[in-house]
Amino acid sequence: MSSVPPAKRGRGQTVPVITERHAPDLPGRAVIAQRWNRAIFVHWRIDPAEVAPLLPPGTRPDVHDGSAWVGLVPFVLSEFRFLPLPPVPFVGSFTEINVRTYAVDDEGRRGVVFRTLEAEHLAPVLAAQALFGLPYRWARAGVRTDGARIEYRSRRHGGRHPSTRVRATLGTETVDTPLSRFLTARWGFHERHLGRTIWAANAHEPWPLVTAELEALDDDLVADSGFPQLAGRTPDSVLAMPAGHPGFITRFTGAHAIA
């Protein structure tokens, strides 16, 4: 297990930063569940100082090897449900593509900070906006697979219509490194909602990751999300779920204010 310096708690106490590949127990009742599969993780290094102004108050950039990281992460979401109810009817499977970075708060909680979440189904978009204030955008998005090759496309409805196209060939070599855990073993997210910084925890199986070769990337989303300096730059890490993996269920707790 990799380690980083512990985060400060009040009155000089410290708590260890979670770096385990497996999710800790949820700190409360899960309120939403969904299945994730076919994920690709495209990441760039970036100076932490360039990330810090974009984070919610009460958090700071989480760094690995001296760098903050920005990710473009497309995947397929299905079986969306409000627990303990069954999956919401008529939603089915749909594509989501998010741009994200990573933060840690004073309690040592290492989480995702989403800059945008492009999704092709409007109902979950509205639900996530209402519950968590997440920056979901309604987009025309889809995925095509051909054996080990996978391609995602998305174009946002309204406004300037930022879009993305990501095509990769999935490898077979398993990846489990300190960097892969840093980028994917994220057991919650931070967000600014109704004037407060909130934290919501999640739990799921460890990501099954393999190497991937990026064949094409034509992207506006990363620049539109506040990182124009990354436009056209070769990613520093490309990982993916193995071809044919059935995915896994992810559960989220309700959010609580931390700042």
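Starting from the coordinates of the alpha-carbon atoms of the range 81-182, obtain the Kirkwood hydrodynamic radius over all distinct pairs and give the value in Å to one decimal. Answer for the range 81-182: a Kirkwood hydrodynamic radius of 16.1 Å. Thinking of the chain as a set of Cα atoms, what percent of all their pairs are more than 35 Å apart? Result: 9 percent of Cα pairs exceed 35 Å. How large a share of the accessible area of the range 42-145, in percent, is made up of carbon and sulfur atoms when the probe is 1.4 Å and the other protein chains stay in place? Looking at the range 42-145 in its full context, I get 58 percent from C and S. Work out, in µm²/s and without decimals, the Stokes-Einstein translational diffusion coefficient of the range 41-86 at 4 °C, 1.567 mPa s, Rh from Kirkwood over C-alpha pairs. Result for D is 98 µm²/s.
Report in % the part of the accessible area of the range 157-207 that belongs to carbon and sulfur, leaving out ligands and nucleic acids; probe 1.4 Å. Please list the in-between numbers first.
Working: 1080 of 2160 Å².
About 50 percent, which is the carbon plus sulfur part of the accessible surface.
Considering only PHE252, TRP187, GLN229, the residue lying farthest towards the positive end of the dipole of the range 156-259 is PHE252, judged by Cα position with unit charges set on Cβ.
In the range 218-259, what percent of the accessible surface is made up of carbon and sulfur (1.4 Å probe, ligands and nucleic acids excluded)? List each step's numbers first, then the result.
Numbers: 930 of 1850 Å².
Roughly 50 percent of what the probe reaches on the range 218-259 is carbon or sulfur.
With contacts defined as alpha carbon pairs under 8 Å and 6 or more residues apart, what's the relative contact order of the range 73-114 in percent? The partial results should precede the final answer.
Numbers: 53 pairs, mean separation 14.4, N = 42.
It comes to 34 percent, rounded to a whole number.
Computed from the alpha carbon positions, the gyration tensor of the range 148-224 leads to an equivalent ellipsoid with semi-axes of 26, 24, 9 Å, biggest first. Using a probe of 1.4 angstrom and keeping all protein chains present, the accessible surface of the range 144-259 works out to 46 square angstrom per residue. Note on the range 187-259 and the range 58-72: Cα centroid distance 12 Å, given to the nearest whole angstrom. What the Cα convex hull of the range 212-259 gives, in volume per residue, is 167 Å³.
The values are calculated or read from the model by the stated rules, or taken from the named source; none is laboratory data. This is a predicted model, so every value here is computed, not measured. Ideal geometry is used to build each Cβ from the backbone, glycine not excepted, and the neighbour counts take in all protein chains shown. Accessible surface areas use protein heavy atoms only, side chains included; no ligands, DNA or RNA. Shrake-Rupley method; radii C 1.70, N 1.55, O 1.52, S 1.80 Å.
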